[in-house]
Structures are given as structure tokens and as C-alpha cells.
Amino acid sequence: MKCTICNQKAALHLEHHNLALCSDHFPEWMCKQTERTIQKYSMFRRDEKLLLAVSGGKDSLSLWDILWKLGYHADGIYLDLGIDQGTRYSCTSGEMAQAFAAQRGLNLTVLDIRAKYGESIPEMGARTKRGHQKPCSQCGLVKRYLLNKAALDGGYDAILTAHNLDDEAAFLFSNLTHWSMQYLGRQHPLLPATTGFARKAKPFCLLYERETTAYAYLNNIAYVYSECPYATGSKQLRNKTYLNRLEDEQIGFKYQFYTGYLRALEAGAFPAGQETPEVLEQYRCTNCGQPTLSDGLCTFCRLVKKN
Ligand code: SF4
Ligand SMILES: [Zn+2]
Ligand SMILES: [Zn+2]
């Protein structure tokens, strides 16, 4: 197959766009698509200070590379979750993120959760009843809280995450099958800042995982290949497998599924969720001052204070 633009050998066939691109034109296309998504949803500007959640994986490192090439000012933050027993997963991911930042002269903050809060994510999970099998709910809570705190404390205009279209389609599938109206009301690529919460944006939300993987490969980006060991057998991975089957049968299925949902969301089909300014003005955590939905400590402070 030949590149649609220059007729050289194509590196990737993007069937849903009816496009084949060579190893020169595909990375250019990725930059253009990312810029288009940033503009389409008015995510952020070049004069703003951005904080990117970096995991050391292909998505976050590819996004950081593209933002850097496009002239956006994004610092990185790596949360060391302490998931290392038998795998060195966190250790290796951190090394990848640090090497990437050093090669390009980019700023990366490393936040070691065990050093700061006395326990790794698996240790927090093992201590709480719900986390006796997998620490994913504690991990999600800790990541959301600390990214938001780092953005607010550091005076950043927005937090960016590198969730891709496969991630978003799998979240959407799960949210729809459970009719989780709270989440269905806020799975937008851009969540504006609200009381106590920084703006959040997902510039890769319309790009397939195979595209971000190909970008990392063609740009010689060294990233951690392995998934977190706790991801094995997770609902999210199973949903991805089902959606891959649908995508195999119907080219562009995930894109249609997610963008159709976005049109419905923008038309007001789902309620905005609980975190409205009026609700968030009601209570503040007595330890950290973060808005909460009830009196006393916020869920993060309850978790790390070992109640
Ligand atoms: S699978 Fe994801 S959420 Fe679960 S522990 Fe690993 S990184 Fe955290
Ligand atoms: Zn070409
Ligand atoms: Zn708190």
C-alpha cells in the first residue's frame, strides 16, 4: 500500500479515515489531529501553563512529544505508585518518563506516594476492605486528588491526560451498561475548572490506541510496554476486547460510538453531575480544604489518614 500523500510505502493504513500514510506523513498527521482536537474543544492555548500526567507509557510520552513539537508548554508529573513487587512496574515507568524528559529538556516532577504518605498504592489497597483484591479504586482516587492538587498548587491552567479513543470508548461502554448517569454527564474531552478543581483536557481522545502506539514506534520513543499488573483481567480490559471485536467487524465503530455520545452530551442528553459550584461550595475538607460532598474529611484524607 502507498502513502496517500507522497506515494511512498505506507507505514499505516487508517481505514476509518480512508487514508494510508508513510513514516514521514503519519507523525505529521498525528500532530495535526491533536491540534485539531485541542482547537475543536477549546482545550488550552500556547500561552497557558499545562501539567501533563505522565505514566511512562506510549500514550503519555507520545502526547508530551506532540505538545512539545506543537509549541505548547507542558510540564510533566509522574506519580510513583510503588507497584513494584515482583514486577518493577513503577520503577521502570519512572525511569522511562525521566529519560524522555531529560532527552528533550522538559520539566518532570516525580511524586513518590510511599515517601510522601507512608504507603504505596498496593499497601493502601491491602489495608482497606474494598481493596483486598486490587487497589484500583484507591489508586484512581489518589491519582485524581494528587494531579488536581499539583495543578492547583503549581498555578497550572489545566491538567492533561493522554486517554485515547480506545480508553474513552471502554469507559463509555462501562458507564452505559451501568447507566452511571453521574459519569455519563461528564465524560467530555474538556472539563472546565470549577471550585477547587483544575480544568482537565484529553487531547488524544479521538485517536485510536494503534495510532498512538505507531507514533511512539516511528518516533523511537522508549516507553514501558507492560501494563500495570493489576490491570490483568480488569473490566476495562475486557470491555476493550469486546469493542475490538466490534471494530474489526465495523471499521470506525469506536469513533462513531464516542463521537455520537459527545453529540448527545452536548445536546443535553445527560445531567451535568453532582459537582456543581453550588454543591462544592457547601463543605470543605477539615484537613486539606478541598471541596467535598459531605462534612468532615475528604475521601483522600480519609484514605491516607488510615481511618
Ligand atoms: S490497574 Fe490502573 S488503577 Fe489499577 S492499580 Fe494499576 S495503575 Fe492503578
Ligand atoms: Zn508520505
Ligand atoms: Zn482532604
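A short reminder: the numbers here are calculations on the coordinates, not readings from a lab. From a predicted model like this one, the values you see are computed outputs, not experimental measurements. Because the Cβ atoms are built from the backbone with ideal geometry, glycine has one as well, and the counts that use them run over all protein chains shown.
Worth a mention:
- Around the Cα centre of the stretch 130-216, unit charges on the Cβ atoms of Lys, Arg, Asp and Glu (plus for the first two, minus for the last two) sum to a dipole of about 360 debye.
- Relative contact order of the chain, pairs being alpha-carbon contacts under 8 Å that are 6 or more residues apart, as %: 18 percent
- For residue 67, net neighbour charge (Lys/Arg +1, Asp/Glu -1) across residues whose Cβ lies under 13 Å away: +1
- For the stretch 1-122, the convex hull spanned by the alpha carbon atoms encloses 158 Å³ per residue.
- In Hz, Karplus ³J(HN,Hα) per residue of the stretch 37-47 (6.51, -1.76, 1.60; θ = phi - 60°; x = Gly, Pro): 5, 4, 6, 4, 9, 6, 6, 6, 10, 6, 8
- Taking Lys and Arg as +1 and Asp and Glu as -1, the other residues whose beta-carbon sits under 15 Å from that of residue 39 total +3.
- Counting charges near residue 243 (Lys, Arg +1; Asp, Glu -1) among other residues having Cβ under 12 Å from its Cβ returns a value of -3.
- Bridge type composition, the stretch 27-273 - antiparallel percent by DSSP, nearest 5: 15 percent
- Just so you know, the averaged projected area of the alpha carbon convex hull for the stretch 55-194 sits at 9.9 nm².
- Kirkwood analysis of the stretch 167-288, using all unique Cα-Cα pairs, places the hydrodynamic radius at 16.9 Å.
- Of the cross-linked pairs 9/254; 58/143; 49/235; 58/240; 49/254, those separated by over 25 Å at the C-alpha level are 9/254; 49/235; 49/254.
- Annotation: the residues 228, 205, 301, 91, sorted from fewest to most other C-beta atoms within 10 Å of their own C-beta, follow the order 91, 301, 228, 205.
- Candidate lysines for bridging to residue 32, where Cα separation is under 17 Å - those fewer than 8 sequence places away on the same chain excluded: 40, 69, 202
- Taking the inverse of the mean reciprocal distance over all distinct Cα pairs, the Kirkwood hydrodynamic radius of the chain comes to 20.6 Å.
- For the stretch 15-140, a crude dipole built from +1 on the beta carbon of Lys and Arg and -1 on the beta carbon of Asp and Glu, taken about the Cα centre, is about 400 debye to the nearest 20.
- For chymotrypsin sites (Phe, Trp or Tyr not before Pro), the sites in the stretch 132-200 that DSSP calls loop and that have at most 13 other Cβ atoms within 10 Å are 179.
- Remark on the stretch 222-305: hydrodynamic radius 17.1 angstrom, per the Kirkwood mean of 1/r across alpha carbon pairs.
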